[in-house]
1. Summing -39500 (n - 2.57) over the DSSP H runs of n ≥ 4 in the chain and dividing by its residue number, what mean residue ellipticity at 222 nm do you reach, to the nearest 500 deg cm²/dmol?
2. If you build the Cα gyration tensor of region 9-58 and take the root of 5 times each eigenvalue, what three semi-axes come out, in whole angstrom, biggest first?
3. To the nearest 10 degrees, how steeply does helix 86-97 sit against the main Cα axis of the chain, on a 0 to 90 scale?
4. Looking at region 34-138, which GluC sites (Glu not before Pro) are DSSP coil and have at most 11 other C-beta atoms within 10 Å of their C-beta?
5. Hey, got a sec? Which chymotrypsin sites (Phe, Trp or Tyr not before Pro) in region 43-77 land in a DSSP loop and have at most 11 other Cβ atoms within 10 Å?
6. Given a 1.4 Å probe and every protein chain left where it sits, what share in percent of the accessible area of region 45-124 is carbon and sulfur?
7. What do you get when you divide the Cα radius of gyration of the chain by 2.2 N^0.38 Å, with N the number of residues?
8. Stokes-Einstein at 10 °C, 1.306 mPa s, Kirkwood radius from Cα pairs: D for region 41-122 in µm² s⁻¹?
Amino acid sequence: MNWFKGKERLFLTLLSLLFFVPIVPISVVPAISLNIRDGGGNPIPHLRIQQTWQHYTYQFGSETSEVMSDDTGVAYFPERVTYFSLIQLGFGQIRKAINFNPHASFGPSAFFLPRGNNSGNASYGPSRPVPTEMIVKF
């Protein structure tokens, strides 16, 4: 009986690892280069830009990062890859299939905002093209 309990415990441990450990990589947002411009079309160098991204189907919270635009006013954001467990993938698909909220979002999304006392934004989503420019107003 003890031998079976040991094998059963090992099986349950391996099954738990398979379902709960994030092992499946999914690209949430591709690499993006944003030209940061003012209202007149002039590049804005050395401006901090915040990127917030989330895969609404599988994640409950967003992730953020900031970069500084370079000397030519371009902000480079790397591809954002997040790892998910099999249970997260399955639960996300079930939640999407039985969704009762008409305002719910699903799929990958990213927003870009300038930091400081200025305004402007750019966004990315599966139904929108990858943004290449953000106009910032001071």
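1. On the way: 2 runs with 31 residues, N = 138.
Calculated at 222 nm, the ellipticity per residue is -7500 deg cm²/dmol.
2. On the way: eigenvalues 393, 18, 14 Å².
Semi-axes, largest first: 44, 9, 8 Å.
3. 70
4. Details: sites: GLU63, GLU66, GLU79, GLU133; in loops: GLU79.
For GluC sites (Glu not before Pro) across region 34-138 that sit outside H, G, I, E and B with at most 11 neighbouring Cβ atoms in 10 Å, the list reads GLU79.
5. Numbers: sites: TRP53, TYR56, TYR58, PHE60, TYR76; in loops: TYR56, TYR58, PHE60.
Hits after loop and neighbour filter: PHE60.
6. Working: 2500 of 4560 Å².
Reported share for carbon and sulfur atoms: 55 percent.
7. On the way: Rg = 20.7 Å, N = 138, 2.2 N^0.38 = 14.3 Å.
For the chain, the normalised Cα radius of gyration comes out at 1.45.
8. Values: Rh = 14.8 Å.
Reported coefficient: 107 µm²/s.
The values are calculated or read from the model by the stated rules, or taken from the named source; none is laboratory data. These numbers were taken from a predicted model, which means no experiment stands behind them. Methodologically, a virtual Cβ is constructed for each residue, glycine included, from the backbone with ideal geometry; neighbour enumeration extends over all protein chains shown. To get the accessible areas, we keep the full protein, side chains included, count just its heavy atoms, and leave off ligands, DNA and RNA. Shrake-Rupley method; radii C 1.70, N 1.55, O 1.52, S 1.80 Å.
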